[in-house]
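Just below is one structure, and these are the notes that go with it.
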Amino acid sequence: MKLRARLWRWADHRLGLGKIWRVVAKHGVPPETTSARYGWLYVLGFVTLGIFLLQILTGAALVTRYIPASESAFESIRILTGEGWSGRMIRGMHYWGASAMILFMAFHLARVFLTGSYKYPREANWITGVLLLVLVLAMGFTGQLLRWNQDGLWGVVVASQYAGRVPFIGDFLKRLILAGDVVGGATLSRFFALHVVIMPLMILALVGIHLALVQYHGISERPVPGEPVETATYRQKYDELLEREGKPYWPDAAWQEMVAISAVVLGIMVLAAFLGPRPLGQPPDPASVPSHPRPDWFLMWYYALLAVKPRGFEHATMVYLPIVTFLVLILLPLVRSTGERALSKRPIAVAAAAAVALSLGTLTVIGYRGPWVPDLDTPPFTAAELGDVPADAATGALLFHSHGCQYCHAVMGRGGQWGPELTDVTQRLAPGVITERIVKGFGEMPSFRSQLTAEELAAILAFLAAAAENGS
Amino acid sequence: MASMDDAAEGRRRFLARLALAVSGLAALAAAVPLVAYFVRPARSAAAAWRDLGAVGDFAPGLTRKVVYPTPDPDPWEGTAVRNAAWVRRELDGSFTAFSIYCTHTGCPVRWVEEGGLFLCPCHGGVFDRDGDVSAGPPPRPLDRPVVRVRNGRVEIEVADVPTPG
């Protein structure tokens, strides 16, 4: 016998490689999942898993230099990012990898929903997937906190506010998250333990179950209109399909998955190399109030939702919406476990998916614009900029800035977006009306009665008149 | 034969239950210190007062930010996790403090002295000089930590991150 064959036989007898190979790699998959066009829809879960493994590697690398102490965390990231090219690269790969993982997980979820693959007998595949979704989002959130910069520090406070709203046990949960009554020395350690040990172990366990279920139930076949899933017959039909037309998973279906994950990993590396990791921002400092705290992109839609929802719906958006969304996702395969899988027969599912995609997209765009955010960095108009205007108009420009008007109102293209643009307000409203609104407040605008003298008011009006003049 | 099989089956059932009961008890026993350890930091700390400086450090009518250590500081926390609040010396000599946490989602509010406003940078919440909501999403006025004057020193009671709602 040749040496190679003898070696293989030795290993096979001891490790059971042949049997494992036949079960894991040579099992049958439906023919469409191997087609050069349609098959790409079936690589998304594999890609998510591949990125997760990359995250474990880059994460383990980061942990070797990150210091999870409140005093040193920010500085340790600054140093590890700056040391040689590899620090920036590894942190960049971890950052872009996290984004890619969330993105591909979302695509995977959308694909499974749209092909109706969550139906019988794959309900538990879906439910473990939803639990993974929650954990991965939580990983994203805790990960951005570990930067322990201004956004991270205040992100912890915001997280505690959410926990505090949970009925009955809110106060306890809040202290559990903060490890005390306020953000303290133990807080960061808590998030570090969650992000680096506790949640990754939970994800690994769930991924194991998820994959075992995928293996056990097989990849769902392409939905056919008019052929609904029925509990009594599905299994037999599926087995017959594989018997008749099934293709071996390796390499017929797997090659696309390997190509896809390779492209994604290289894409992550290109992004890390050219764009680098997310800028570290300002060190955590409660003595300096940040001017633009923002979550990472995958939570931007939610950040926007919190701003645009009507007042009084805090509990609804911050407690019940997440709980209800979670329950709907968990219950979906249980209440819709049979029936049509094809899109043409599921108009409500199509409408729901479109509505969710449109809402998330719109809210994300709004979140990045953030028109409600006061423009705290806007500089005042100087006399030189205003040109040939009366002296009190120049004074008014300074007052317009110092009293906070300009944080919310733009004039001649400069200032906040929260209130109306005021360049030509003196042409739209009589001076008396403007004065009244400033003094008494108007709608969302606060009253400035106790903050402005009559002369100052007149100066601001003079400035607005000059702006109208300038703007026209 | 049948009776011997029954006996073996009975023994098997007993051993299965024994195994589950014993390991269940051991798991429960191990869980007690684990849960206790994890939950322990969640205990509420005793109230504490922090010195903010002499009365004379606060100009009458002005509102300024004060920064003070956490109730029971750990040696490794550095300056990153100090507490902060806005404190105003009123014209009548009394002191008022406003929590730095917006009542919407807990972002830090910024005081604009000349405008007489607290502005929140997250979702555009605006509070007037008394901490009442005047615009944006916050559901209730800013919290007011307790301040007092003792022997000519201004002191603040270290307060929790407020629970919303």
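Give the average, rounded to an integer, of partner chain Cβ atoms located within 10 angstrom of each Cβ in A:451-463.
Taking the mean over all residues of the peptide, I get 1.
Would you be so kind as to identify which of A:195, A:125, A:101 lies farthest towards the positive end of the dipole of the protein assembly as shown, taking Lys and Arg as +1 and Asp and Glu as -1 on Cβ and the Cα centre as origin?
Going by the Cα projections, it comes out as A:125.
Work out the mean other chain Cβ neighbour count within 10 Å for the residues of A:346-354 and drop it here as an integer.
Going residue by residue through A:346-354 and averaging, the value is 0.
At a 10 Å Cβ-Cβ cut-off, how would you order A:71, A:455, A:385, fewest neighbours first?
A:455, A:385, A:71
Please list A:123-133, B:111-121, B:86-96 highest first by mean number of surrounding beta-carbon atoms within 10 Å per residue.
B:111-121, A:123-133, B:86-96
With each pseudo-label sitting 7 Å past Cα toward Cβ, what's the residue A:3-residue A:275 distance in nm, one decimal?
About 5.0 nm, to one decimal.
Where the only charges are on Cβ atoms (+1 Lys, Arg; -1 Asp, Glu), what is the dipole of chain B about its Cα centre, to the nearest 20 debye?
340
Helix B:2-39 against the longest principal axis of chain B: what's the angle in degrees, Cα atoms only, rounded to the nearest 10?
Long axis of B:2-39 versus the principal axis of chain B: about 20 degrees.
Listing A:139, A:202 from the residue with the fewest other Cβ atoms within 10 Å to the one with the most, what is the order?
Going from sparsest to densest Cβ surroundings: A:202, A:139.
Which FRET efficiency, nearest 0.05, do residue A:168 and residue A:78 yield, Cβ-Cβ r, R0 41 Å?
0.50
Could you work out, residue by residue across A:399-411, how many beta carbons of other chains sit within 10 Å of that residue's beta carbon, and then give the average as an integer?
Mean shielding by partner chains, rounded to a whole number: 3.
If each DSSP helix of 4+ residues adds -39,500 (n - 2.57) and the sum is divided by the residues in chain A, what number results at 222 nm, nearest 500 deg cm²/dmol?
Only helices count here, giving -20000 deg cm²/dmol.
Under a 5 Å amide H to amide H cut-off, with H placed in plane at 1.01 Å, what residues pair with residue A:423 once short-range neighbours are removed?
Here the answer is A:412, since their amide H atoms fall under 5 Å of that of residue A:423.
List A:119, A:345, A:237, A:19 from most exposed to least, where exposure is judged by having the fewest other Cβ atoms within 10 Å.
A:19, A:237, A:345, A:119
Under 4 °C and 1.567 mPa s, how fast does segment A:330-403 diffuse according to Stokes-Einstein, given a Kirkwood radius computed over C-alpha pairs? Answer in µm²/s, whole number.
For these conditions, the coefficient is 73 µm²/s.
So the label point goes 7 Å from the Cα of residue A:453 along Cα→C-beta, right? Which residues of segment A:366-408 then have their backbone N under 19 Å from it?
Backbone N within reach: A:391-404.
Taking amide H positions as placed in the peptide plane 1.01 Å from N, state which residues far from residue B:134 in sequence (5 or more) or on other chains have amide H under 5 Å from it.
The answer is B:126, B:127, B:128.
What value, in deg cm²/dmol to 500, does the helix sum -39500 (n - 2.57) over DSSP H runs of n ≥ 4 give at 222 nm once divided by the residues of chain B?
It lands at -8500 deg cm²/dmol.
Could you work out how far helix A:391-402 tilts from the main Cα principal axis of chain A, as a 0 to 90 degree angle to the nearest 10?
On a 0 to 90 degree scale, this one is about 40.
Compute the whole-percent fraction of alpha carbon pairs in chain B spaced more than 22 Å apart.
Taking all Cα-Cα pairs of chain B, the fraction more than 22 Å apart is 60 percent.
Between residue B:13 and residue A:250, what is the FRET efficiency for a Förster distance of 30 Å, r being their Cβ-Cβ separation, to the nearest 0.05?
Working from the Cβ atoms, E equals 0.10.
What FRET efficiency comes out for the pair residue A:24/residue A:442, r = Cβ-Cβ distance, R0 = 56 Å, nearest 0.05?
For R0 = 56 Å, the calculated efficiency reads 0.25.
Just to check I understand the Karplus step: with θ = phi - 60° and J = 6.51 cos²θ - 1.76 cosθ + 1.60, what whole-Hz values come out for segment B:57-62, glycine and proline as x?
Once θ is set to phi - 60°, the couplings for segment B:57-62 become 6, 10, 6, x, x, 9 Hz.
Given A:29, A:292, B:37, which one lies farthest toward the positive end of the charge dipole of the protein assembly as shown, if we put +1 on the Cβ of every Lys and Arg and -1 on the Cβ of every Asp and Glu?
Ranked along the dipole, the leading option is A:29.
If one takes the longest principal axis of the Cα atoms in chain A, at what angle in degrees, from 0 to 90 and to the nearest 10, does the Cα axis of helix A:321-335 lie?
Helix A:321-335 sits roughly 30 degrees off the main axis of chain A.
Computed from the coordinates by the stated procedures, all read-outs in this text should not be read as laboratory data. These numbers come from a predicted model, not from an experiment. Ideal geometry is used to build each Cβ from the backbone, glycine not excepted, and the neighbour counts take in all protein chains shown.
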